[in-house]
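Chemist: If you scroll down you'll find the structure; I have some questions about it.
What follows draws every value from the coordinates through simple rules; no lab data is involved. Only a predicted model underlies this, so the values are computations on that prediction, with no experimental measurement involved. Cβ atoms come from the backbone with ideal geometry, glycine included; neighbour counts cover every protein chain shown.
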Amino acid sequence: MKIVTRHVVSLTDVEKNPRLIKLLYITSLFKDISEKALLHLLYYMRQNGYDLGYNFVVIGQTPTSKDVSSDLAVLKYLGLLEVNEKKKLAISSLGKEFIVKHLETTLKNEKEAIDKLVNELKVKIAPIDAEVEIKVKRRPG
């Protein structure tokens, strides 16, 4: 058994971290999104010139990132993101309030660029998200 220690994080810590706020905002642009599709989206965004600073390792055709997984864990721990019955990430009501609060500050200069790029890439990640949903439906449960 491996024991991993982490310091306790709070909403104040997220407010001080623009990357976490942007990750939450990007996730909020979807009704729900699988972690796999989100990883692909962030990877494609980086390839298209919008780099959030995440390190990716591509195994086969699949980008993975411990940094993204760690940041998603923080957002889930604080209740800003939830995992729904389809095993997809969805923004919580607390997360929505948090985003509204930061639209005019942290996100002000980048919201338009993020929106445009996400809209362009939605078509590219839709099959990945659908694949995850089909796998979840097939599992007895």
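Chemist: What pairs in Lys31/Lys66; Lys16/Lys137; Lys108/Lys137 have C-alpha atoms more than 32 Å from each other?
Modeler: Numbers: Lys31/Lys66 24 Å; Lys16/Lys137 38 Å; Lys108/Lys137 38 Å.
From Lys31/Lys66; Lys16/Lys137; Lys108/Lys137, over 32 Å: Lys16/Lys137; Lys108/Lys137.
Chemist: Which whole-angstrom value gives the distance between the alpha carbon centres of segment 1-46 and segment 56-80?
Modeler: So the two Cα centres are separated by 7 Å.
Chemist: Computed from the coordinates I sent, Cα extents along the principal axes in Å equals one of (1) 44, 30, 26; (2) 41, 40, 29; (3) 48, 36, 29. Tell me the label.
Modeler: (2)
Chemist: Now a separate question. Quick query: amide H of Leu81 versus all other amide H atoms, modeled in the peptide plane; which residues come in under 5 Å with a sequence gap of 5 or more or a different chain?
Modeler: Lys76, Ser92
Chemist: First select every other residue whose beta carbon is under 13 angstrom from the beta carbon of Leu11; then total the charges, Lys and Arg +1, Asp and Glu -1.
Modeler: Spelling it out: positives minus negatives among the neighbours equals -1.
Chemist: Also, quick follow-up: Which whole-number percent is the relative contact order of the chain (Cα, under 8 Å, 6+ apart)?
Modeler: 30
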